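Have a look at the structure below, then the notes.
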Amino acid sequence: MALVDASLFASTDPVALQGSSCSACGTQVFPAQGSCPTCTSVSVSPVALPTEGTVWSWTTQHFAPKAPFRTDGFVPFSIGYVDLGPVIVEGWLLNKTDWHIGERVRLELAKAWTEDDGTVVHTYGFAATS
Amino acid sequence: MSAAKSHDEVYIVGGGMTAFGRFDGEDQALAEEAMRGALADAGLSWNDVDIAVGGTNGETKPDNMVGRMGLSGIPFTTVKNGCATGGVALMTARNGLIAEQSDIACVVGYDNHSRGAFAASPSRYGIGEWYGATGMMVTTSYFALKIRRYLHEHGIDERTLGYASQKAFDYGSSHPLAWRRKPVSVDEALESDMINDPLTRFMFCSPDAGAVSLILARGPRAFDLCENPVRLAAAVLRGRRPGSFEVFSPWLSPGERTGPSIDAAKAAFAIAGIAAADVDVAQLQDTDSGAEIIHLGETGLCVDGEQGAGYVNGDYVIDGRLPVNTDGGCLANGEPVGASGLRQVHEVMRQLQGRAQGQQVPNNPRIGFTHVYGAPGISACTVLVKEGKGA
Ligand SMILES: [Zn+2]
């Protein structure tokens, strides 16, 4: 599967985001990086992040962002921060444009854009759990 | 106070500012206009200047201004710190005067931006291209996400955003150098086009053009040049710590919220030996109306959550408890990034000296405060104190 950036994902089936966890202080960050911004340690290792959480904040993007934004056709879409427990992750909020803080959501793959050769590129997003 | 005349004290003794808005010419023509205005205001010539500091977010080199002003051989330092550039330029000049035991510094900030929101490249911020490609590298969405959470945590009504806009355009409408001079009602602000909910078109500032220059003097020299020199009682720059919520952040820490504005303001008040409650007039970074609300709380000028009632009660208007952004702030002036922080200081200097170009804060204000904040998480704050006659 074509992804916006394969390094964001621990796996795609089932889908999980790849962060990194600090062995010294426990801080988790996303995407994974080679050092800990909290305690300065370089003793960090990859970790698959939780896939369910709650909406921490949200907005709906009512105008098409400038390049390098890519889309097959702009329609307003929501983005938000999702509290996954050990870390709060920013991402698309899928399938609707009106949200409330505290709403429960689950990680999913989402279509980002289609390349000229027809390849569909995917990113991650969070959908409301019904 | 006699201690205030010490050689380690630095004062603002003059300022010059161009009109803000759209500008067709060269950005350094704006800078020159501001610098000549500042020198005239201080009663000095370029040959009197010992050191200079210039800031812009654009492509021209501020130190090239010596070609226009005169090749006097002085050290000219260039700074570039995003939205905090003006604050950093001022602080650099203050530190330079003290370190070099010089007398007179000229500070200038300018920019001439093209239309539309800033387009940012992920790689410049150390983020993967995916972040821009998926439409998250957008400053307006960051402002919306931050104020949504802030309003939620502190129980502030969304209508407060409309009050902040209404206040800004009210003061802009009476300031001769402001860009946006048409008053907007609370309801008009709330009902204008939605950009990133909860923020509408009338709740954002836009990039534009403008230049501001200030003349600083060290020690007793300031009192020879100016009847009411404004003492730079503190000028502090701080960066982010774990727990801050900054623009272009794919992740946040779930722990306690921190912020560079909280740290910079706290340090500035401590260094100045002045309490936030003693401030008579303030300028806060208001790239959107939510930012003004957040920064009121973060700088300690009010208690988080108090803003809802504060705007309704008129606490932050010209004759209120704490007049804020009395020239209309970034909302009414736009944001020429290099000039914006110095516009704030220029406005507060004039308010303290009783010669505001727009509406004047009544009752002889003596203590001022300014705050800028920028990507990727830095804040510069100043505490300004009127000295001299009548202070
Ligand atoms: Zn750590």
Check your understanding: Limited to region B:183-230, what total is found for residues that are within 30 Å of A:PHE77 (Cβ to Cβ), touching a strand residue (DSSP E or B) at 6+ places or on another chain (Cβ under 7 Å), touching a residue at least 40 places away in the same chain (Cβ under 8 Å) and polar (S, T, N, Q)?
Key -> 1
Practice item. Kindly provide the set of residues from region A:25-54 that are within 13 Å of another protein chain (Cβ to nearest Cβ), more than 23 Å from B:GLU129 (Cα to Cα) and out of contact with any Lys or Arg (no Cβ under 8 Å at 6 or more places or on another chain), ordered by number. Key: A:CYS25, A:GLY26, A:THR27, A:THR38, A:CYS39, A:THR40, A:SER41, A:PRO50
Revision key, fill the gap. Within region A:14-24, the residues that are more than 11 Å from chain B (Cβ to nearest Cβ) and closer than 19 Å to A:TRP92 by Cβ are A:PRO14, A:VAL15, A:ALA16, A:GLN18
Study note, to complete from the structure: Output for Cβ contacts, cut-off 6 Å, separation at least six or different chains, first residue in a loop (DSSP other than H, G, I, E, B) in region A:32-46, second of a type in the set (Ser, Thr, Tyr) and within 11 Å of the ligand (Cβ to nearest atom), reads A:ALA32/A:SER20; A:GLN33/A:SER20; A:CYS36/A:THR27; A:THR38/A:THR27; A:VAL42/A:SER35; A:SER43/A:SER23
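Okay, residues lined up against (1) modelled with pLDDT of 95 or more; (2) over 20 Å from the mean Cα position of the chain (by Cα); (3) of a type in the set (D, E, K, R):
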| site | (1), (2), (3) |
| --- | --- |
| B:ALA222 | yes, yes, no |
| B:ALA234 | yes, no, no |
| B:GLU246 | no, no, yes |
| B:GLY255 | no, yes, no |
| B:ILE262 | yes, no, no |
| B:GLY273 | yes, yes, no |
| B:ILE294 | yes, no, no |
| B:GLU298 | yes, no, yes |
Practice item. Being in contact with a Pro (Cβ under 8 Å, 6 or more places away or on another chain) and under 27 Å from A:THR119 (Cα atoms) is the filter here, so list the residues in region A:68-88 that pass it. Key: A:PRO68
Check your understanding: So which residues in region B:141-165 are more than 8 Å from chain A (Cβ to nearest Cβ) and within 13 Å of B:MET203 (Cα to Cα)?
Key -> B:PHE143, B:ILE147, B:GLU158, B:ARG159, B:THR160, B:LEU161, B:GLY162, B:TYR163, B:ALA164, B:SER165
Review point. Restricting attention to region A:16-31, which residues are buried (at least 17 other Cβ atoms within 10 Å of the Cβ) and either within 12 Å of the ligand (Cβ to nearest atom) or without any contact (Cβ under 8 Å) to a residue 60 or more places away in the chain (or both)?
Key: A:GLN18, A:SER20, A:SER21, A:CYS22, A:THR27, A:GLN28, A:VAL29, A:PHE30, A:PRO31
Review point. Scanning region A:32-51 for residues that are of a type in the set (A, V, I, L, M) and buried (at least 17 other Cβ atoms within 10 Å of the Cβ), which turns out farthest from the ligand (Cβ to nearest atom)?
Key: A:LEU49
Practice item. Give the residue, chosen from B:GLY328, B:GLY310, that is in contact with a Phe, Trp or Tyr (Cβ under 8 Å, 6 or more places away or on another chain) and free of Cβ contacts under 8 Å to residues at least 60 places away in the same chain. Key: B:GLY310
Point to revise | One residue from A:PHE9, A:PHE77 being in contact (Cβ under 8 Å) with a residue 12 or more places away in the chain and within 17 Å of A:ALA128 (Cα to Cα) | key: A:PHE77
Practice item. Please enumerate the residues belonging to region B:120-146 that are in contact with a Pro (Cβ under 7 Å, 6 or more places away or on another chain) and either buried (at least 22 other Cβ atoms within 10 Å of the Cβ) or not in a loop (DSSP other than H, G, I, E, B) (or both). Key: B:TYR125, B:GLU129, B:TYR131, B:GLY132, B:ALA133, B:GLY135, B:MET137, B:VAL138, B:ALA144
Check your understanding: Looking at A:GLY19, A:GLY85, A:GLY34, which is the one that is at pLDDT 95 or above and either at positive phi or of a type in the set (Phe, Trp, Tyr) (or both)?
Key -> A:GLY85
Check your understanding: Do we find a residue being under 15 Å from the mean Cα position of the chain (by Cα) and either surrounded by 24 or more Cβ atoms within 10 Å (Cβ to Cβ) or modelled with pLDDT under 95 (or both) anywhere in region B:311-322?
Key -> no
Check your understanding: Which condition number in (1) under 21 Å from B:ALA133 (Cα atoms); (2) within 16 Å of the ligand (Cβ to nearest atom) is the one that A:TYR81 fails?
Key -> (2)
Practice item. Among the residues of region B:190-220, write down those that are part of a helix (DSSP H, G or I) and either among the small types (Gly, Ala, Ser) or over 24 Å from the mean Cα position of the chain (by Cα) (or both). Key: B:LEU190, B:GLU191
Study note, to complete from the structure: Of B:ALA234, B:ALA265, the only residue that is under 30 Å from B:GLY96 (Cβ atoms) and assigned to a helix (DSSP H, G or I) is B:ALA265
Revision key, fill the gap. Considering residues that are in a loop (DSSP other than H, G, I, E, B) and closer than 22 Å to A:SER11 by Cα, the number found within region A:121-130 is 1
Point to revise | A:PHE69 of a type in the set (Phe, Trp, Tyr), more than 12 Å from the ligand (Cβ to nearest atom), free of Cβ contacts under 8 Å to residues at least 60 places away in the same chain and over 16 Å from B:SER249 (Cα atoms) | key: yes
**Study point:** Hey, A:ILE88 among the aliphatic types (A, V, I, L, M), under 27 Å from B:ILE195 (Cβ atoms), more than 16 Å from the ligand (Cβ to nearest atom) and touching a His at 6+ places or on another chain (Cβ under 6 Å) or not
**Key:** no
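The values are calculated or read from the model by the stated rules, or taken from the named source; none is laboratory data. Predicted, not measured: the structure shown is a model, and the values here were computed from it. No Cβ is skipped: glycine too gets one built from the backbone with ideal geometry, and neighbour counts run over all protein chains shown.
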